[in-house]
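Enquirer: My questions all concern the structure below.
The values are calculated or read from the model by the stated rules, or taken from the named source; none is laboratory data. Fair warning: this is a prediction, and the values are worked out from it, not measured in the lab. As a convention, Cβ positions derive from the backbone with ideal geometry for all residues, glycine included, and neighbour counts pool all protein chains shown.
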Amino acid sequence: MTFELVLVLAAGLFSIGLFGALSQQSIVMIMMGIELMIGGIIVAAAAFWHFLAPAADGQVVIVGAVVAMAVEMAMGFAVTTAIYRARQVDMTDMAEDLKG
Amino acid sequence: MDTVRLALLAGLGVLALAGGVLVFTCDSMARVTFALLGSLCCVGGVVTVLGLPYLGVAIVLMMVMEMVIMAVFMIAYMMNPAGLMPMSMLHNKRGSLLVSGAVFAALVAAVLLTPWPARTGPPPPDTTFQLGKALMGTQMLTMLVLGFALLATMVGATVLATHRGRYDRFGDDLGRRQARDPAGGGVGR
């Protein structure tokens, strides 16, 4: 039952992050939501490694998720800086030029 | 899993969820950043309790550095960094709650209804050695791809974050005036 509870924790973190990524207007807050979602994926991967298959591949999945976190953070800040420098915009609703 | 580890797992799990909720309920951007830091440090703690101390500590160290940088950006870009006035910067809150609630319900149902198999084999005596051996052996291609992804990120983020510099004018004459761009935001800004 511990395995299922850890996966429910991962699902909770993922869903809280998803709510933030969908509902926030600020680009930085959206990035925070995505960080929480990846945090949930890391917890789930660690649970799968511990409770089902303690092989090396499971650890590599966690390394991949951590790298995704770093890439998302760096590119998010770079895009925020670029769009703010060009148009003084830091909210998604002010940067909806391509909205159909 | 012994009782101490179970208690640690439960405590860290509750704290991680509470931190995640605080991220989207606090007004102060500084508090938001530290709530996210607390939540992700608890994620690192959960990973450590599950038997992966190297990855758990690496996650905690990385999150501390990330959140310190994020705090600077929050204060630089957000309009209410200290949270001195209550404000809401949400759009489509009801739809977002609906979607995230449905995703949570679907994930929990999948977790509880799936007949999970038994564990295959015991955990290795040294998990750090297992990871290092895999990254330098069978998972070398993964390691290379991750390395190139990080390098591309560094180059891309630097290009995006800096001024256009010599590239905001046509040709290779650095003394030439900047282009007049009627649309703005492109060459010549």
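Enquirer: Is it the case that A:Ala10 is at pLDDT 95 or above and part of a helix (DSSP H, G or I)?
Expert: Yes: the conditions hold for A:Ala10.
Enquirer: Taking A:Phe77, is it under 28 Å from B:Gln130 (Cα atoms) and not aliphatic (A, V, I, L, M)?
Expert: no
Enquirer: Check B:Leu150, B:Leu146, B:Leu112 and return the single one that is within 22 Å of B:Met1 (Cα to Cα), free of Cβ contacts under 8 Å to residues at least 24 places away in the same chain and either at the interface with chain A (Cβ under 7 Å from one of its Cβ atoms) or of a type in the set (Asp, Glu) (or both).
Expert: None of the other options fit; the residue is B:Leu112.
Enquirer: Checking A:Ile42 against (1) farther than 30 Å from B:Leu6 by Cβ; (2) crowded, with 22+ Cβ neighbours inside 10 Å, which single condition isn't satisfied?
Expert: (1)
Enquirer: Can you give me the number of residues within segment B:15-52 that are over 26 Å from B:Pro123 (Cα atoms) and β-branched (Val, Ile, Thr)?
Expert: Summing the residues that are over 26 Å from B:Pro123 (Cα atoms) and β-branched (Val, Ile, Thr) in segment B:15-52 gives 5.
Enquirer: Follow-up. Filtering segment B:10-31 down to residues that are part of a helix (DSSP H, G or I) and either touching a Leu at 6+ places or on another chain (Cβ under 6 Å) or at the interface with chain A (Cβ under 7 Å from one of its Cβ atoms) (or both), which residue is surrounded by the fewest Cβ atoms within 10 Å (Cβ to Cβ)?
Expert: It comes out as B:Val21.
Enquirer: Return yes when A:Leu36 is crowded, with 22+ Cβ neighbours inside 10 Å and in contact with a helix residue (DSSP H, G or I) (Cβ under 9 Å, 6 or more places away or on another chain) and no when it is not.
Expert: When the stated conditions are applied, A:Leu36 passes them.
Enquirer: Is one or more of the residues making up segment A:77-97 under 25 Å from B:Leu15 (Cα atoms), surrounded by fewer than 20 Cβ atoms within 10 Å (Cβ to Cβ) and of a type outside the set (Ser, Thr, Tyr)?
Expert: No: zero hits.
Enquirer: Suppose we filter A:Ala47, A:Ala21 for residues that are more than 7 Å from every other protein chain (Cβ to nearest Cβ) and in contact (Cβ under 8 Å) with a residue 12 or more places away in the chain; which single one remains?
Expert: A:Ala21
Enquirer: Spot the failing condition for A:Leu52; the list is (1) facing chain B (nearest Cβ under 7 Å); (2) surrounded by 18 or more Cβ atoms within 10 Å (Cβ to Cβ), and only one is missed.
Expert: (2)
Enquirer: Sticking with this structure for a sec: Name the single residue that is farthest from the chain's Cα centre (by Cα) among those in segment B:50-62 being crowded, with 24+ Cβ neighbours inside 10 Å and without any contact (Cβ under 8 Å) to a residue 60 or more places away in the chain.
Expert: Only one residue tops the list, namely B:Leu50.
Enquirer: Could you say whether any residue in segment A:28-38 is touching a residue at least 60 places away in the same chain (Cβ under 8 Å) and more than 7 Å from chain B (Cβ to nearest Cβ)?
Expert: Kept after step one, since they are touching a residue at least 60 places away in the same chain (Cβ under 8 Å), are these residues of segment A:28-38: A:28, A:30.
Of the ones still in play, those that are also more than 7 Å from chain B (Cβ to nearest Cβ) are A:30.
Within segment A:28-38, one or more residues are touching a residue at least 60 places away in the same chain (Cβ under 8 Å) and more than 7 Å from chain B (Cβ to nearest Cβ).
Enquirer: To continue, here is another question. Mind counting the residues in segment B:115-132 that are facing chain A (nearest Cβ under 7 Å), under 27 Å from the mean Cα position of the chain (by Cα) and farther than 13 Å from A:Pro54 by Cα?
Expert: The number of residues fulfilling the criteria is 0.
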